[in-house]
Amino acid sequence: MSNENKNTTPEQQESPSLTYGNQHKLPRLPLPKLEETLAKFLKTVQPLLTSCEYQRAEHDVAQFLSSTGRGQDLQKLLQEYNDIECLQRGFQSYVEEFWSDAYLAPDDSVVLNLNPFFLLEEH
């Protein structure tokens with residue numbers, strides 16, 4: 001929930017003219033399971049990597065998910081942040097604070113400095 005929305009009355013929040021006027025009615029975004037995220041990661045990077053590089057990525061993902069890897073610990077911290085801190089601070093999503101910091105706070109051009117698009121060139 002944005003800071004502007006926290007200072008509005010319920011009547012103002014119902015107004016269709018406010019960008020986040022009905023935000024409070026939407027369900028919170030679920031936190032994806034770590035295994036699902038990493039499976040999507042592997043699927044996404046596969047066309048970009050050589051066979052050898054992809055095998056290394058699979059190995060790294062397996063290590064990250066293993067009992068000696070950091071994956072489960074980091075997922076637990078993210079889950080705690082999502083379940084406790086986000087709710088206390090009025091965020092609808094675990095990404096809301098980071099989105100605001102990355103895309104709304106900088107004075108620089110988002111298109112030039114923060115756009116995740118990049119050009120893939122064949123070698």
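The values are calculated or read from the model by the stated rules, or taken from the named source; none is laboratory data. Given the structure is predicted, the values throughout are model-derived calculations rather than measurements. Here Cβ is always computed from backbone atoms with ideal geometry, including for glycine, and neighbour counts include all displayed protein chains. In case anyone asks, the SASA skips ligands and DNA or RNA and just uses the protein heavy atoms, side chains included. Shrake-Rupley method; radii C 1.70, N 1.55, O 1.52, S 1.80 Å.
Numbers below:
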item	result
Test: Cys52 is touching an Asp or Glu at 6+ places or on another chain (Cβ under 9 Å) and either assigned to a helix (DSSP H, G or I) or in contact (Cβ under 8 Å) with a residue 24 or more places away in the chain (or both)	no
Answer from Leu112, Leu104 - the residue that is modelled with pLDDT under 75, under 30 Å from Gly21 (Cβ atoms) and open to solvent by 90 Å² or more (accessible area, probe 1.4 Å)	Leu104
Asp60 being among the acidic types (Asp, Glu), over 18 Å from the mean Cα position of the chain (by Cα) and modelled with pLDDT under 90	no
Verdict on Lys25 being free of Cβ contacts under 8 Å to residues at least 24 places away in the same chain, open to solvent by 50 Å² or more (accessible area, probe 1.4 Å) and under 15 Å from the mean Cα position of the chain (by Cα)	no
Filter result for Phe118 (outside any helix (DSSP H, G or I), at pLDDT below 95, open to solvent by less than 50 Å² (accessible area, probe 1.4 Å) and of a type outside the set (Gly, Ala, Ser))	no
